[in-house]
Structure formats: C-alpha cells, structure tokens
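The values are calculated or read from the model by the stated rules, or taken from the named source; none is laboratory data. None of the values given here were measured: they were computed from a predicted structure. Positions of Cβ are generated from backbone atoms using ideal geometry, with glycine treated the same way; all protein chains shown enter the neighbour counts.
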Amino acid sequence: MVRIKTSYTRKDKHKKLLNQTKGFRGRASSCYRLGLPRVYKSLQYKYSSRKLMKRKLNEQFITKINAAIRNINNFKGYSQFYYGLNQQNCMINRKILATLSISEPISFKYLSKIY
C-alpha cells in the first residue's frame, strides 16, 4: 500500500491560515501555532461586530430622526413621533425616516403633520 504524505495538505492549511493573520502583531502573523488562536478569536469578533454594527446604525437613525423632530415644534421627541406613525399604520422604517429628515426636510415635515 502506498504511503500518503501530509506535507502538501499541511502546507496548504498553514498557508491559508497565515494569509488570514496578515496584519497581526509579533509572531502571530508568521507562526502557525501562535496565529491559530488569534484567527479563531478574530473570527469571533467579526461575527459579534456584525450584530453590533446593525445596533449602532439603528441608534444613529434614531438620533437623526430625533434631531429633525425637535426642530419641528409639534413634538416632544422621537418616541412620540414614532408612536404616532405606528398608530397610523405608516410602514416607513427608521432608515428611510433618517434619510428623509436629512435630504427632504419639507416632506419629512409633511409626514409629521399627517400624524
């Protein structure tokens, strides 16, 4: 039976991981054994950061809408405005409201009067 060597598969595996460790500090960027746990940890941060990014974007949308609403004297703030939109079954999400408040302030003011 033919003996199978692992050198090529191991070399490819190491090369793939070391390509992911570019930019790491110290020997973690050039040493497989030190780079392996760092890559796993970086992938965990990458996963959780995707969730945090969505949360932060939502916070920014709310801040922009709140600032635009406070310029219109009818409302106390964002929560009252958004509650009123939900009562009217207005299906506009926060992202569209935030872009409307910046790019189209007149239509945003009209939207607040509908409520």
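What to note about this one:
- Sub-9 Å Cβ pairs linking a first residue in region 25-37 that is closer than 11 Å to His14 by Cβ and modelled with pLDDT of 95 or more to a second residue that is part of a helix (DSSP H, G or I) and among the polar types (S, T, N, Q), at least 6 apart or interchain, are Gly35/Gln20; Gly35/Ser29, ordered by first then second residue.
- Taking residues in region 2-22 that are within 25 Å of Leu43 (Cβ to Cβ), and partners anywhere that are modelled with pLDDT under 90, not one pair has Cβ atoms closer than 8 Å while being at least 6 places apart or on different chains.
- Test for Leu43: is it modelled with pLDDT of 95 or more and surrounded by 14 or more Cβ atoms within 10 Å (Cβ to Cβ): no
- Region 69-108, subset touching a residue at least 24 places away in the same chain (Cβ under 8 Å), part of a helix (DSSP H, G or I) and of a type in the set (Val, Ile, Thr), residue nearest to Leu57 (Cα to Cα): Ile102
- Those residues of region 48-70 which are at pLDDT 95 or above and of a type in the set (Gly, Ala, Ser), in sequence order: Ser48, Ser49
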